[in-house]
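Please read the structure below before turning to the comments.
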Amino acid sequence: EIGYELGGLLPNEPYFKTNPDCFSFKQGSRQPYKHYGPQLCYSNMQGADKAAENALAKLDQDLTPAIRKVHFGFGDTWDLCTCEKCMAPIKLADGTDIKYGDEAHRSTQYYIYLNRIAEKIHAKYPNLEINTLGYLYAAIPPKIKLHPAITVTFCPYVKNDKVPVTDPCN
């Protein structure tokens, strides 16, 4: 397995200056990506396309025949974009909307972004499995179908690691 952090596929230099809309909108302005801070703007499909392009370039360089899976991670934070598009309802294929505040809104938004990347990766590398973590905002099952190449590794985070995960307090 090989892994890339999505924020590293759109590095602040040079993309923040040239494509600020691909980055998180917080407190009235676009913010550069930080692993423990603002994430990418998951409603910006230009950003997903550029991340996919950069991932393909890295895979062309890094991939060996032994590697069967690419992992895409994201920053260890709930600090998500608050731009107008990210806060807007998400229209599903069946015509229903997922409103901001619905527990699946952010995960659905993230997986739409990842599906876009997966489409482009899968077109060039059809046998490569694409993995991500079901962690933080991506732990809630999305209300869309995932690209068939995507697998999700559930990564629960407990509230009290001094007791078993099954303890009522968790």
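The values are calculated or read from the model by the stated rules, or taken from the named source; none is laboratory data. Please read these numbers as outputs of a predicted model, since none were measured by experiment. When we count neighbours, we look across all protein chains shown, and the Cβ atoms used for this are built from the backbone with ideal geometry, even at glycine. SASA here: full protein model, heavy atoms, side chains in, ligands and nucleic acids out. Shrake-Rupley method; radii C 1.70, N 1.55, O 1.52, S 1.80 Å.
Taking the condition farther than 30 Å from residue 67 by Cα and open to solvent by 50 Å² or more (accessible area, probe 1.4 Å), does residue 126 pass?
Working: farther than 30 Å from residue 67 by Cα: no; open to solvent by 50 Å² or more (accessible area, probe 1.4 Å): yes.
Against the criterion (farther than 30 Å from residue 67 by Cα and open to solvent by 50 Å² or more (accessible area, probe 1.4 Å)), residue 126 does not qualify.
Exactly one residue out of 144, 121, 67 is outside any loop (DSSP other than H, G, I, E, B) and of a type in the set (Val, Ile, Thr), and it is 121.
The rows are residues; the columns are (1) in contact (Cβ under 8 Å) with a residue 12 or more places away in the chain; (2) in contact with a strand residue (DSSP E or B) (Cβ under 7 Å, 6 or more places away or on another chain); (3) under 22 Å from residue 142 (Cα atoms).
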| residue | (1), (2), (3) |
| --- | --- |
| 27 | no, no, no |
| 37 | yes, no, no |
| 48 | yes, no, yes |
| 73 | yes, yes, yes |
| 76 | yes, no, yes |
| 82 | yes, yes, yes |
| 85 | yes, no, yes |
| 124 | yes, no, no |
| 130 | yes, yes, yes |
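Applying the condition of being aliphatic (A, V, I, L, M) and under 23 Å from residue 29 (Cβ atoms) to the stretch 83-113 and asking which residue is farthest from the chain's Cα centre (by Cα) yields 88. Step by step: first the residues of the stretch 3-42, then only those that are open to solvent by less than 20 Å² (accessible area, probe 1.4 Å) and assigned to a loop (DSSP other than H, G, I, E, B), then the one that is farthest from residue 81 (Cα to Cα). Which residue is that? Going through the qualifying residues, I end up with 10. Residue 136 satisfies every condition listed in (1) open to solvent by less than 20 Å² (accessible area, probe 1.4 Å); (2) at pLDDT 95 or above except (2).
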